[in-house]
1. How large, in percent, is the carbon and sulfur part of the accessible surface of the stretch 256-330 at a probe radius of 1.4 Å?
2. Quick check: residue separation of ILE148 and GLU409 times 0.36 nm, minus the Cα distance between them. What number comes out in nm?
3. Which loop trypsin sites (Lys or Arg not before Pro) in the stretch 347-429, with loop taken from DSSP, have no more than 14 other Cβ atoms within 10 angstrom of their Cβ?
4. On the principal axes of its Cα set, how long, how wide and how thick is the stretch 104-160? Give whole Å, largest value first.
5. Which value in Å does the Kirkwood hydrodynamic radius of the stretch 4-98 take, with 1/r averaged over all unlike C-alpha pairs and then inverted?
6. Using a Gaussian network for the chain with springs between C-alpha atoms less than 10 Å apart, which of these wobbles most: PHE104, PHE159, PHE278?
7. Which pairs, out of LYS93/LYS382; LYS174/LYS247; LYS10/LYS56, put more than 19 Å between their alpha-carbon atoms?
8. Suppose all protein chains stay in the model; what accessible area per residue would a 1.4 Å probe give for the chain, in Å²?
Amino acid sequence: MTNLNELQKKIGYEYTFDCVQCGYCLPACPTYETMRKETHSPRGRINLVKMAAEGKLNLEEIRDPIDKCLGCRACQVVCPTGVEYGRILEGAKEVLSDNQQLSFSKRVAKNFIFNDLFPNPSRMNLLGNLMWFYQVSGFQNIVQNIKILKIAPLNLGKFEAIMPKITSPNQRQKRKVVVKAEGKKRIKVALFTGCIMDTMFYETNQNTINLLKKSGAEVVIPEKQTCCGALHSHAGDVSVAKNLARKNIEVFEKEEIDYVINNAGGCGAMLKEYDHLFENDPEWSGRAKRFVNQSKDISEVLYELDGLTLTKSVKDIVTYQPSCHLSNVQKVHDEPLKLLNSIPGIRYKEMKDYNGCCGSAGIYNIVNYQESMEILDSKMEKFKPTQATTIVTTNPGCLLQMKMGIKREKLEGRVRVVHLVDLLMEASE
Ligand code: SF4
Ligand code: SF4
């Protein structure tokens, strides 16, 4: 990219001036905690972006620090001058993506996953069917016994070992597109199902629908919805993220609803920032803002409705690993904890620095495996003193990452990881 003006506009140069270099954000940054390098701290990254925008560094010199950022936004929450780090990061990612020379095979793989798979519900459904067949046919046992996945790229064998149990195609086909409220209808909502959630955590989506129903909400599940675009946006693929956002806005604005509900912190953060994508677009900015105003995490709505009867005792020691995007971007802190503590029988034990990222961060744990595992190991050291038997999360990526942590600590069978929604359902009448 030669035009400095264009680069500065795209990379979020204007936001870098809000940083006064105080360093208050450093202790909050998981990559600074594990890597101990100024270039891999929020302050360092902001400086690098600024220097690149001024033509003092070439883009390749900022690629590694930006690629190694989790995007957890913990720095943004503690920053006394309100630096919008998220905008700086997204801008840098977009510019780096535009200027990246990928090998042919990586380009094909990225195109397939980002453009042909995630945004296509029928292909995601087919993937779910194949994963289910892999698990129930005995093929998974054979693969695990002969340890063939040890030679698979990107540590896929390690992720395969923590794959959740996939719901059968028969069960998945039974879902209704409109679910009536139990008793008097109090509100009408639409569920954003999420591509990964609906493929790998279908039961959690069903439990979400059931809890809403029990709370007096009528739930519609728009069939034409698509992927939220978070992974695309985090990878700097802004034009695809915009296309997906337009499609979702169009689909959900056809419904006469009070809220668009999601149960995945990462997807929810993206949905709640759709307006950032269309700031200079007169046709879409108003529509995006309306969509953002309707978007809610499930915990916000269940807490607001206060309609659940939780009578079944869950006699577990429970700790909570929040999704960074739920806490730091959506600013939803109290509702999950209040719901959790309303479950009869549980003993809640807070982890030290419980708000810190677990190292999952979208596909960070796949593409930056080593760095992610260092962050996870540090998280598990904070988890162990709680002696909890249940870890509650609010995002599929965090759930799988904490399962990985349990496996690494050889705590399988003694500690489980569940989505908040699943634990509420367990305690519900
Ligand atoms: S991002 Fe905020 S907290 Fe961090 S150095 Fe800059 S001003 Fe200070
Ligand atoms: S987003 Fe997270 S990993 Fe990235 S600089 Fe901020 S605190 Fe560090």
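The values are calculated or read from the model by the stated rules, or taken from the named source; none is laboratory data. In this text, all values refer to a predicted model and were calculated from it rather than measured experimentally. Here the Cβ positions follow ideal geometry from the backbone for every residue, glycine too, while neighbour counts run over all protein chains shown. These area figures cover heavy atoms from the full protein model, side chains too; ligands, DNA and RNA do not enter into them. Shrake-Rupley method; radii C 1.70, N 1.55, O 1.52, S 1.80 Å.
1. Numbers: 1210 of 2900 Å².
Roughly 42 percent, rounded to a whole number.
2. Working it through step by step, the gained length comes to 91.7 nm.
3. Details: sites: ARG347, LYS349, LYS352, LYS379, LYS382, LYS403, LYS407, ARG408, LYS410, ARG414, ARG416; in loops: LYS349, LYS352, LYS410, ARG414.
Passing sites in the stretch 347-429 are LYS352, LYS410, ARG414.
4. 34, 26, 14
5. Working: mean 1/r = 0.0775 Å⁻¹.
12.9 Å is the Kirkwood radius here.
6. PHE104
7. Working: LYS93/LYS382 31 Å; LYS174/LYS247 25 Å; LYS10/LYS56 17 Å.
Listed pairs above 19 Å: LYS93/LYS382; LYS174/LYS247.
8. Working: 19880 Å² over 429 residues.
Dividing the accessible area of the chain by its residue count gives 46 Å².
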